[in-house]
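Read the figures in this text as sums done on the coordinates, not as results from a lab. Note that the coordinates shown come from a computational prediction; the quantities given were computed from them, not determined experimentally.
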Amino acid sequence: MAGIAFPGWQAMTGMLLLAFLSVSMYWQYSASCVPGISVQNANSLTRAKSPRRHGQGRKVYLDVGGFIGDTLEAFFERYEQNFKPSQFPGTPARPQDFDEVYVFEPNPNNYDGPNSRYKAIADKGHKYKLLKLAAFDKEGNLTFTGGGDGGSLMANNKQNGVTVKTIDFSNWLRTNFEEEDFVMCKIDCEGSEFPIMRRLIADGSLCFCDRLSVEFHALLINKKTNTIVTHDRDLYADRMAPPAYPIDKDVQCVLWSTHEDVPYYYCTMPRVVQFMREACKPGTGYPMEKWF
């Protein structure tokens, strides 16, 4: 299975430690903030789904963070280019072969605003269901702030925000779909991906998305030089420091959509998720991808 290439036993040891620390921190977090999460839930990661033959069940596409509908439009109109279905057995050959398409977008300025593409997409005969909800790690109401392509639930400054309803995405996923369904998940929600992914890992639901694309919005910044710390030219592929980079007071993990400091493990999350996706049983989850 394709995935991260480990250069040696030191890197493997470091990766295992990152995975352990990430899940351990979420167990501590969830004990006070998300009732019902336990070590037993997290340990069920690789047995969340049974091996199955591709082609059984429904074909489902989830666009989590639909914004104005640009990625939904790309799904329908540039499907082969973005998703390369022939390379991933079980993937529908065409967008019209999906049984269900859902879009999560909580901000009315996006789905009803002057730049919204949702009506135009529907007018072309494309079928989808718009859920005016924010995917998160729990149900409730939160303040969505910001505009442009940087609106977020994660900003500390809540001025001029709009109150939106949130759902527990992991629970929604497991409640609405079965093990035999083929589910493709695109998650791009300006920082909310971190609590979402923590919850998916802790619930043992990370393999429920057969194909998974996540846009992670954290960067390691050297505050002294005001430069990005990375060892990969493609920031979308690896927004974190080299394994041996000394972490000191000058380096901080920053949520680039809000320009606010966040816990350091946010910047390790891409590697942790990719590593844990490798633990999905054959037929229940491909390595993490980047579609847009």
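Beyond 15 Å, how much of the Cα-Cα pair distribution for segment 52-138 remains, as a whole percent? Show your work: numbers first, answer last.
Working: 2264 of 3741 pairs.
Across segment 52-138, Cα pairs with separations above 15 Å total 61 percent.
Size of segment 86-205 along its principal axes in angstrom, Cα-based, largest extent first?
46, 39, 24
If you look at just the Cα atoms of segment 152-222, how large are its Rg and its Dmax in Å?
When restricted to the Cα atoms of segment 152-222, Rg and Dmax are 14.1, 46 Å.
Determine the gain in length on full extension of the stretch Asn226-Arg94; use 0.36 nm per residue of separation and subtract their C-alpha separation, reporting nm with one decimal.
Numbers: separation 132, 0.36 × 132 = 47.52 nm, distance 4.45 nm.
That works out to 43.1 nm of additional length.
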